[in-house]
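Below you'll find the structure, written out as structure tokens, and then a few comments.
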Amino acid sequence: MLCVTANLSAQNKNDNMIENPMLWADVPDPDIIRVGDTFYLVSTTMHLMPGAPIMQSKDLKNWETIGYIFDKLTDSPKYDLSPTEGTVYGRGQWATSLKYHKGKFYALLAPNEAGAMGDTYIFTADQAAGPWKIVSRMRHFHDCSLFFDDDDRVYVIYGTGEMMELKQDLSDVIEGTHRQIFQREADETGLLEGSRMIKHNGRYYLMMISHVYAPGRHRREVCYRADNIQGPYEKTTILESEFGGFSYEAQGTIVDTEDGDWYGIIFQDRAGVGRVLTVMPCRWIDGWPMLGDEEGKVPARVRPLKSGEPVKSIVNADDFSNEKLGLHWQWNHNPVDKAWSLTERPGYLRLKTARVVPNLYLAPNTLTQRMEGPKCTGSIALDLSKMKDGDIAGLAAFNDNSAVMAIKKVGKRLTLELSEQKVSLSQREKKVEKVDVKVVESVELKQQKIWLRIDANFVPRTDIATFSYSLDGKEWTKIGGNFQMTFDWQRFFMGTKFGIFNYATKKVGGYVDVDEFAYNKHQ
């Protein structure tokens, strides 16, 4: 454990602490395990590909993405942004369960879809970074927890207190093993999901998010425990705390350290940036894993496990000099692999138009990264010389409500346009039904290279993005006004992302070259 000596200044003490949110970015539905001295975290990324990111840390402070459980999902044309079949905006991979058992990593996930698209996947890998391979597919389990017991029997706990046993080879469930291991209490009438089960000192602990929709009631994390996995279970509330001027926290899990200390990792809704992760002490009191500080509140800062760990981040700048795309990037839906390259012009990301589409929300190969709080800045440099008539390329604050800095090629003319765009999706198939576009400002361009920048402010109750462009990479000119970033669980269910895009509205064949993505996180 880190020891902070008395002669350190207050500033240095703060520098050595984990400031909550631990990850001030969109990292919802966490599951976390420890193997040796390393923590591994998985999160939900829904319609982004590759999916189910695995993040790694030695100190619970510095996190990096080391791999993904899958590159693509291919069950339906929806994963490819089909204009007729629909999309998977806000669907796709949800709430993956991550486990380590007898030298192997396991992950169980069920896309939030109806029918066969929602079948559960079980993956395994020798290393957390992958490669991962599919073990089996079976019926849908909502917000589930995979659990290996000490006797090697395997279970999936899902929904609201439902459980089934799996075959030893994980090929399927054992029919006839379905159990309702507890019943809702009379007041437990709202949200009760997000199962995460562990075993500690011979007891079974199932943690869930609970939200009773009634005046004076708050979101909370509850825990069910039993001496036998079949029950009977008793329940208590282990966390009921707001934090940082935002709503009450819940959904996550607990993890131990090599020294036997315990921590809780719980997410919190934070509007435009998405759902962020907080870390807090977990204290075993009367056999219950109570979360928070001594008053049961989420602390503003937590002491890291180690000192001297290198600074790492899940959001990063990129000069595109590597022949492989960095793990900090994800595509919007499945990419068209033949339509992008890091090798055709070394040091640049080439984005080719892949098919003719009517709008950004159906455009393949939009490349995204998370935004971070409290404030962050991302910018790109674009070579526009190979755009064709009807091509549209640029940088967006990308979400269901987006602000889009786009260079449009019309004939031989180039125009920079800032617009606000709002997508309407059908409820069931998530088809792109309509995109409302409000043009805020336009500027005619006389050159073939441009720099575009987004400044994002997620200071509590702000969620503002502003936009600038430069003709030389040095002097910046603001375009448009303040854009209010939002969060809509019925559409994308995701925080706003940086989105780099290029698509054709008339004919394919054009491309743009992205010179770099510059990035800074700041106070």
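The values are calculated or read from the model by the stated rules, or taken from the named source; none is laboratory data. As the structure is a prediction and not an experimental result, all values here were calculated from the model. No Cβ is skipped: glycine too gets one built from the backbone with ideal geometry, and neighbour counts run over all protein chains shown.
For segment 204-247, residues that are within 16 Å of residue 193 (Cα to Cα), at pLDDT below 95 and surrounded by fewer than 19 Cβ atoms within 10 Å (Cβ to Cβ) total 3. Listed by position, the strands (runs of 3 or more DSSP E) contained in segment 168-242 that have at least 3 residues being among the aliphatic types (A, V, I, L, M) are 191-200, 203-211.
Candidates 145, 171, 136: the one that is touching a residue at least 60 places away in the same chain (Cβ under 8 Å), assigned by TED's automatic domain parsing to the domain that holds residue 226 and either among the polar types (S, T, N, Q) or out of contact with any helix residue (DSSP H, G or I) (no Cβ under 7 Å at 6 or more places or on another chain) (or both) is 145. For the residues 422, 506, the requirement of being outside the structural domain of residue 87 (by TED's automatic domain parsing), within 25 Å of residue 389 (Cβ to Cβ) and either surrounded by fewer than 17 Cβ atoms within 10 Å (Cβ to Cβ) or in contact with a strand residue (DSSP E or B) (Cβ under 7 Å, 6 or more places away or on another chain) (or both) singles out 506. None of 486, 466 is within 22 Å of the chain's Cα centre (by Cα) and surrounded by fewer than 21 Cβ atoms within 10 Å (Cβ to Cβ) except 486. Only residues that are within 17 Å of residue 32 (Cα to Cα) and not in a strand (DSSP E or B) were counted in segment 103-125, giving 1. Somewhere in segment 340-356, is a residue surrounded by fewer than 15 Cβ atoms within 10 Å (Cβ to Cβ), in contact with a strand residue (DSSP E or B) (Cβ under 7 Å, 6 or more places away or on another chain), at pLDDT 95 or above and β-branched (Val, Ile, Thr)? Checking segment 340-356: at least one residue is surrounded by fewer than 15 Cβ atoms within 10 Å (Cβ to Cβ), in contact with a strand residue (DSSP E or B) (Cβ under 7 Å, 6 or more places away or on another chain), at pLDDT 95 or above and β-branched (Val, Ile, Thr). Checking the structure you have, find out if any residue of segment 309-325 is within 30 Å of residue 431 (Cβ to Cβ) and under 23 Å from the mean Cα position of the chain (by Cα). Yes, the conditions are met somewhere in segment 309-325. Checking each residue in segment 210-242 for being aliphatic (A, V, I, L, M) and touching a Leu at 6+ places or on another chain (Cβ under 6 Å) picks out 238, 239.
A count restricted to segment 313-339 and to residues that are surrounded by 19 or more Cβ atoms within 10 Å (Cβ to Cβ) and farther than 24 Å from residue 64 by Cβ stands at 2. It is to be established whether one or more residues within segment 102-110 are modelled with pLDDT of 95 or more, among the aromatic types (Phe, Trp, Tyr) and more than 20 Å from the chain's Cα centre (by Cα). Checked against the condition, which is being modelled with pLDDT of 95 or more, among the aromatic types (Phe, Trp, Tyr) and more than 20 Å from the chain's Cα centre (by Cα), segment 102-110 yields at least one hit. Is segment 267-285 home to any residue that is in a loop (DSSP other than H, G, I, E, B) and on the phi < 0 side of the Ramachandran plot? Taking every residue of segment 267-285 in turn, at least one turns out to be in a loop (DSSP other than H, G, I, E, B) and on the phi < 0 side of the Ramachandran plot.
Among the residues of segment 416-426, what is the count of those that are in a strand (DSSP E or B), touching a residue at least 24 places away in the same chain (Cβ under 8 Å) and farther than 13 Å from residue 479 by Cα? Here the count works out to 3.
Within segment 456-482, being closer than 19 Å to residue 274 by Cα and outside any loop (DSSP other than H, G, I, E, B) holds for 456, 457, 464, 465, 466.
Pick from segment 170-193 the residues that are at pLDDT 95 or above and charged (D, E, K, R): which of them is surrounded by the most Cβ atoms within 10 Å (Cβ to Cβ)? The qualifying residue surrounded by the most Cβ atoms within 10 Å (Cβ to Cβ) is 193.
Of all residues being within 13 Å of the chain's Cα centre (by Cα) and assigned to a strand (DSSP E or B) in segment 45-63, which is nearest to residue 122 (Cα to Cα)? Just the residue, please.
Checking each candidate, the answer is 52.
Count of segment 286-303 residues, restricted to those that are on the phi > 0 side of the Ramachandran plot and not charged (D, E, K, R), is 3. Scan segment 387-416 for residues that are surrounded by 18 or more Cβ atoms within 10 Å (Cβ to Cβ) and within 20 Å of residue 507 (Cβ to Cβ) and the total you get is 11.
Within segment 336-366, can you find the residues that are in a strand (DSSP E or B) and either of a type in the set (Asp, Glu) or touching a helix residue (DSSP H, G or I) at 6+ places or on another chain (Cβ under 6 Å) (or both)? If the condition is that a residue be in a strand (DSSP E or B) and either of a type in the set (Asp, Glu) or touching a helix residue (DSSP H, G or I) at 6+ places or on another chain (Cβ under 6 Å) (or both), then 352 is the only one that fits.
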